[in-house]
Protein chains: 2
Amino acid sequence: MSLVLYTLCGTDPMRHFSPHVWKAVMALKHKGLDFEERPTRFTEIPGIEGGITKTVPVLRHDDAVVVDSFAIAEYLERTWPDRPSLFGGEGGHASARLIEAWSFLELHPLIRNIAVRDIWTMLDDKDQAYFRPNREERFGATLEALHEGRDAMVPLLLARLEPLRMVLARQAFIGGEGPLFVDYIVFGALQWLRVTGTLWPLKSDDIVTGWFERCLDLHGGAGRAVPARL
Amino acid sequence: MSLVLYTLCGTDPMRHFSPHVWKAVMALKHKGLDFEERPTRFTEIPGIEGGITKTVPVLRHDDAVVVDSFAIAEYLERTWPDRPSLFGGEGGHASARLIEAWSFLELHPLIRNIAVRDIWTMLDDKDQAYFRPNREERFGATLEALHEGRDAMVPLLLARLEPLRMVLARQAFIGGEGPLFVDYIVFGALQWLRVTGTLWPLKSDDIVTGWFERCLDLHGGAGRAVPARL
């Protein structure tokens, strides 16, 4: 059996940083699966697997190719049902979509604003030439303007984590006593910031920090394999 | 077997309006259980079941008394495991807590600001005399000031529903093809506004409206049994 995960990197092939790739990495580890990481730069993504996608992660499992982190989690759950569950049943599977949407719509935009220029500094010339105009058009601001405004994003991000704090006052993981894919969804967002950002907003006494550290410890410290940028 | 649910009402005993009571009502209906509603006014709550609680819903099942909507859902799931599941497994159970926290922290404060004076007008003299100073102190504003500011809450509420829209573009209910307790959590928040508010923010072409109408249709139209205030 062969499992290959296409990840996203800058000049350092080991510092993969996409939040969506991190979800897939943690899902694979959760299932106890060995896989080859194939670091991919932004401008290389259109060449993956004959041009199947504009985004990573992409998983190749023998003859199957799966695009999108949630679809990868579903594929792993379906293909290895006897290994630790990523969803904890159909209710967890369906409900994970609202948690994914919350993370994507509420957390990602703020993290992106905080980290986007830091990410640009991690890219090679070719990727920088693609990334800057693409993102500046998408966000309607220069990378430098976003960077200068990042301090204002921090209290907003900390406030938007309040629902997570309410949950963590009651249970160790979003998935309950142990982690599920819903944890990896939110972990992926913060890990994206951890491995790219020159700013880290969480205080050590924040209950979210305790949970994030527990996530970093999972699966042999898989999340710590890429050091923090700071 | 006897099942009694203490609900929250104003002068009209049938117009029970608490978002948390609505979660419990829908959970009981989901399990196909017959129960007696016992309408309770704010100032009567401390007298329920020997003073066990400051809030409703409260469920009495023979000799057992359960306080809190989520605890009631857990009790029903545990006591009637062979009836339709409210959580769809342990993952759904755990993940429902983040959706509860999101609804409580992101949606409830806006709905409360929109509806709080409308709720006051539904109460009898004794409850009004309790409710006004209690809420004005809690929210740091007069009921009239909150009412005057309600139009500004509408676009915020509509924006905060965006994660729900993203989910509903993919599936009929938050719980997947059919409803789970996570649907009743969010339904309860909007139903609270529907049965108390003299303002209704959702447009008919909003995908959230389609889902809310589906929720109102569930279990023999249980949600429609109390007409909209408007």
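Where a number appears in this text, it was derived from the coordinates with a stated rule and is not lab data. Because the structure is predicted, anything quoted here is derived from the model rather than measured. As a convention, Cβ positions derive from the backbone with ideal geometry for all residues, glycine included, and neighbour counts pool all protein chains shown.
Quick notes
- Spatially, segment B:1-70 and segment A:13-30 are offset by 46 Å when compared through their Cα centroids.
- Packing around the peptides B:55-65, B:183-193, taken as the average count of other Cβ atoms within 10 Å per residue, puts them in this order, highest first: B:183-193, B:55-65.
- Beta bridge orientation in the protein assembly as shown: antiparallel %, DSSP, nearest 5: 65 percent
- For segment B:210-223, putting each phi into the Karplus relation 6.51 cos²θ - 1.76 cosθ + 1.60 with θ = phi - 60° gives couplings of x, 5, 4, 5, 4, 5, 4, 6, 5, 6, x, x, 4, x Hz, in residue order, rounded to whole numbers and with x for Gly and Pro.
- In nm, spacing of pseudo-spin labels at A:A129 and B:L158 (7 Å Cα→C-beta vector): 4.4 nm
- Estimated from the Cβ-Cβ distance and a Förster radius of 35 angstrom, the FRET efficiency linking A:H108 and A:E49 is about 0.90.
- A Cβ-based charge dipole, computed about the Cα centre of segment B:3-79 with Lys and Arg at +1 and Asp and Glu at -1, lands at about 240 debye.
- Taking the Cα centre of segment B:107-230 as origin and assigning +1 to Lys and Arg Cβ atoms and -1 to Asp and Glu Cβ atoms, the resulting dipole is close to 120 debye.
- Distances between equivalent label points of B:D217 across the copies, with each point positioned 7 Å along Cα→Cβ, amount to 4.9 nm, shortest listed first.
- Mean-position separation - Cα centroids, segment A:178-230 and segment A:81-97, in angstrom: 21 Å
- What the phi angles of segment B:175-188 give under the Karplus curve with 6.51, -1.76 and 1.60, with θ = phi - 60°, is a coupling list of x, x, 6, x, x, 10, 4, 4, 5, 5, 4, 6, 4, x Hz, glycine and proline written as x.
- Simple spin-label estimate for A:D82 and B:D62 in nanometres, 7 Å along Cα-Cβ: 4.1 nm
- Its Cα centre serving as origin, chain A has a Cβ charge dipole (Lys and Arg +1, Asp and Glu -1) of approximately 280 debye.
- Each other copy holds its own label point for A:R132; taking that point as 7 Å from Cα along Cα to Cβ, the gaps run 6.3 nm, nearest first.
- Residues whose amide H lies under 5 Å from that of B:T11, counting only those 5 or more places away or on a different chain, are B:L123, B:D124; hydrogens are built 1.01 Å from N in the peptide plane.
- Violating pairs (Cα-Cα greater than 28 angstrom) within the set B:K54/B:K126; A:K126/A:K203; B:K29/B:K54; A:K31/A:K54: A:K126/A:K203
- Candidates A:H219, A:Y6, A:L199 compared by Cα position along the dipole of the protein assembly as shown: farthest toward the positive end lies A:L199, with charges placed on Cβ.
- Difference of contour (0.36 nm per residue) and Cα-Cα distance, A:D34 to A:Q171: 46.4 nm
- Taken one residue at a time, the phi angles of segment B:37-45 give Karplus couplings (6.51, -1.76, 1.60, θ = phi - 60°) of 8, 10, x, 10, 8, 3, 6, 8, 4 Hz. Gly and Pro are set to x.
- For the B-to-A rotation axis, chain B residue with nearest beta carbon and its distance in angstrom: B:G89, 1
- Placed amide H near A:R38: partners under 5 Å, 5+ positions off or other chain: A:L5, A:Y6, A:T7
- 7 Å along Cα→Cβ, label-point gaps from B:E177 to other copies, nm, shortest first: 3.1
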